[in-house]
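Structure first, commentary second.
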Amino acid sequence: MVLLDPALPFMAPLPPEQNNSFDDELDRSDGWARFNRHYWLREYRDFLEFFAGQAFSESHSTKQIEDMVGWGLETSPETLIRTQLGPQPASRDEMEAILRRVRCPVLVVHGAEDRVRTHAVGVAVAELTGGALVTIEGGGHCPQARHPVKVNLLIREFVESLGGTAR
């Protein structure tokens, strides 16, 4: 299993600015308060632009930001909302128990400067699965888009270490 900047719940405390309700109507719409179903329904493009800017925190990410916003506009806020509504572990203990049950080899690649989920999430996931952690120094939330050669080589090396062959 290869996990790129895993956004798993409970693995590290959310920064205070991200600690907002997704479901409640908020009385503010700045920063991470935009990560809210009601805001998405009102100001979908603004949310996409904000989120893409957070996901691609590295300089010279204009193309990746434009692509992410464009891809987001190919669907609806209602569809994106549904991605947040699935069953989730109820606590850190439950999430840890799930991760400890992983029996396959694991590679976690996490950006050191991830603004969506802190690097501490990747550290915890690697530790709990017994996996390897590779930190992309200066990297944001989507290393596969900003550092595709590095990420592809890491995946190739991981597969080959398991006896697989690259094609």
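Are any of the residues in the stretch 116-124 in contact with a helix residue (DSSP H, G or I) (Cβ under 8 Å, 6 or more places away or on another chain) and under 14 Å from Gln54 (Cα atoms)?
Taking every residue of the stretch 116-124 in turn, at least one turns out to be in contact with a helix residue (DSSP H, G or I) (Cβ under 8 Å, 6 or more places away or on another chain) and under 14 Å from Gln54 (Cα atoms).
Yes/no matrix, rows are residues, columns are (1) assigned by TED's automatic domain parsing to the domain that holds Asp46; (2) assigned to a loop (DSSP other than H, G, I, E, B):
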position	(1), (2)
Glu78	yes, no
Glu94	no, no
Ala124	no, no
Gly138	no, yes
Arg156	no, no
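Would you mind stating whether Val106 is surrounded by 18 or more Cβ atoms within 10 Å (Cβ to Cβ), in contact (Cβ under 8 Å) with a residue 24 or more places away in the chain and not charged (D, E, K, R)? Spell out how you get there, then give the answer.
Details: surrounded by 18 or more Cβ atoms within 10 Å (Cβ to Cβ): yes; in contact (Cβ under 8 Å) with a residue 24 or more places away in the chain: yes; not charged (D, E, K, R): yes.
Yes, satisfied.
Only one of these conditions is not met by Gln64: (1) not assigned by TED's automatic domain parsing to the domain that holds Pro148; (2) not in a helix (DSSP H, G or I). Which number is it?
(2)
The values are calculated or read from the model by the stated rules, or taken from the named source; none is laboratory data. Quantities reported herein were computed from a predicted structural model and do not represent experimental measurements. For neighbour counting, all protein chains shown are included, and Cβ atoms are generated from backbone atoms with ideal geometry for every residue, glycine included.
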